[in-house]
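Input: a single structure, listed below in C-alpha cells.
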Amino acid sequence: NGTGNLVLNTNSGTNSGSITITQGANASISITPNGTGKTVITSTNYNEGAIYDLGTTGGTITPNVTNGNVQKITLNSALTMNAFSSPVAGQSLTLIIYGGTAYTSITSTMKFAGGVKTLTGTASCIDILSVYYDGTTYFASLNKGFA
C-alpha cells in the first residue's frame, strides 16, 4: 500500500536504478535507470480496461479520463465537448458514439482532423471520436459510419 521503492542491482553491483509504484486514483509507475542507461521493458500486457458508459445523454459533456480511456455515449440530443475533466498532458480518449438520425454535429473548440465534426446521423450507426491532449491543445479525429 502507498508508495514503495525497489532498487535493482546488476551482477557487478555497481549500477542501480529504482522503480517507484504509487497507488491511488492517479497511480503511476516510474522507472529510473542509473546514469545514462536506458530503460527496457520486455514484457507488458496493456489493456485499456472496461468501456465506461456515459449513458444516454447529450448536450455538453466533460469526459473524465480517470473513468477510462475508452468511453461510450448514446446521443439523445446534440453533442458539445470542449475539454476533459482535470486534463493532464498526454491523455487520450476514445469515445464511441451511438447516435440517432437527428444528431449529426459535434460542437467543440478541439482541432479536428480535416475540420470534420459531422456525425454520420443514420439509424443504428456508430462513430468513433479519438482525442489526444498535449497539455495545450486537444486534437480530435472522427471515424464515421460503423454499421
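Among rounded, prolate and oblate, which fits the range 92-147 when a ≥ b ≥ c are the square roots of the eigenvalues of its C-alpha gyration tensor, a/c under 1.5 means rounded, and a/b larger than b/c means prolate? It is prolate, given that a/c is not under 1.5 and a/b is the larger ratio.
Heavy-atom accessible area for Lys144, with the other protein chains in place and a 1.4 Å probe, reaches approximately 100 Å².
Computed from phi, the 3J(HN,Hα) profile of the range 102-110 under the Karplus parametrisation 6.51, -1.76, 1.60 (θ = phi - 60°) reads 8, 10, 10, 10, 10, 9, 6, 9, 5 Hz, with x in place of Gly and Pro. At full extension, Lys111 and Asp53 could sit 18.4 nm farther apart than now, given 0.36 nm per residue minus the alpha carbon distance. The label point for Val88 and the one for Ser130, both projected 7 Å from the Cα toward the Cβ, are 2.2 nm apart. Shape class of the range 57-142 from the Cα gyration tensor (axes a ≥ b ≥ c, square roots of the eigenvalues): prolate, since a/c reaches 1.5 or more and a/b is larger than b/c. For the modelled label position 7 Å from the Cα of Thr118 along Cα-to-Cβ, which residues of the range 129-146 have backbone nitrogen atoms closer than 15 Å? Under cut-off, by backbone N: 142-145. Residues Tyr52, Tyr103 ordered from highest to lowest accessible area at a 1.4 Å probe: Tyr52, Tyr103.
The values are calculated or read from the model by the stated rules, or taken from the named source; none is laboratory data. Predicted model only: the values in this text are computed from it and were never measured. Reconstructed Cβ throughout: ideal geometry from the backbone, glycine too, with neighbour counts over all protein chains shown. The accessibility values were calculated without ligands, DNA or RNA, using every heavy atom of the protein model including side chains. Shrake-Rupley method; radii C 1.70, N 1.55, O 1.52, S 1.80 Å.
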